[in-house]
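> Before we start, here is the structure in question, set down as structure tokens.
The values are calculated or read from the model by the stated rules, or taken from the named source; none is laboratory data. These figures come from a predicted structure and were not determined experimentally. Positions of Cβ are generated from backbone atoms using ideal geometry, with glycine treated the same way; all protein chains shown enter the neighbour counts. Accessible surface is based on the protein model in full, side chains and every heavy atom, while ligands, DNA and RNA are left aside. Shrake-Rupley method; radii C 1.70, N 1.55, O 1.52, S 1.80 Å.
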Amino acid sequence: MGSITAQAQTHKIVCLDAFLCSVPSFSIPHEYHEYDNTPPELVLERVKDATIIIVTRVHLTAEVISQCPNLQFIAVMGIGYNTIDI
């Protein structure tokens, strides 16, 4: 009987407002992109290929989220999730 091996996914992690909090290190295979501040007109451009998005105060609209086919997780580094259009 053969064995099944899972190929590790390399995540694209994008932090849109990194100046507001320190982002932890990651033990998963990844590439990391950090922006100190992201104006609304640049949100989609920066996250469109992300598998993980980290935000503090940047708003993620339903339109932006729907255009991120690889997105698996949104982390909000703060209290609440009112910046995420759920």
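> Enter the accessible area per residue of the chain (Å², integer; probe 1.4 Å; all protein chains in place).
On a per-residue basis, the chain sits at 68 Å².
> I've got another one for you. Rank-order 37-45, 22-30 by packing density, defined as the average count of other C-beta atoms within 10 Å over each peptide's residues, highest first.
With the highest mean Cβ count within 10 Å placed first, the list reads 37-45, 22-30.
> On to the next question. Evaluate the relative contact order of segment 4-86 (contact order divided by residue number), counting alpha-carbon pairs under 8 angstrom at least 6 apart; express in whole percent.
Value for segment 4-86: 30 percent.
> Can you give the helix-only mean residue ellipticity at 222 nm for the chain, where every DSSP H stretch with n ≥ 4 adds -39500 (n - 2.57) and the sum goes over all residues, rounded to the nearest 500 deg cm²/dmol?
Taken over the chain, the calculation gives -2000 deg cm²/dmol.
> Still on this structure: Between residue 77 and residue 57, what is 0.36 nm times their sequence separation minus the Cα-Cα distance? Round to one decimal in nm.
Value of the extension gain: 6.3 nm.
> Rg(Cα) of the chain divided by 2.2 N^0.38 Å?
1.20
> Using alpha-carbon positions, what is the distance between the centroids of segment 8-53 and segment 68-86, in Å?
12
> May I ask you to compute the full-extension gain from residue 66 to residue 22, defined as 0.36 nm times their residue separation minus their alpha-carbon distance, rounded to one decimal in nm?
That works out to 13.1 nm of additional length.
> Then there's this: Quantify, in whole percent, the carbon and sulfur part of the accessible surface of the chain (1.4 Å probe; protein heavy atoms only).
Answer for the chain: carbon and sulfur cover 53 percent of the accessible area.
> Moving to a separate point now. Quick one: if you stick a label point 7 Å off each Cα along the C-beta vector at residue 36 and residue 8, how many nm between them?
3.2
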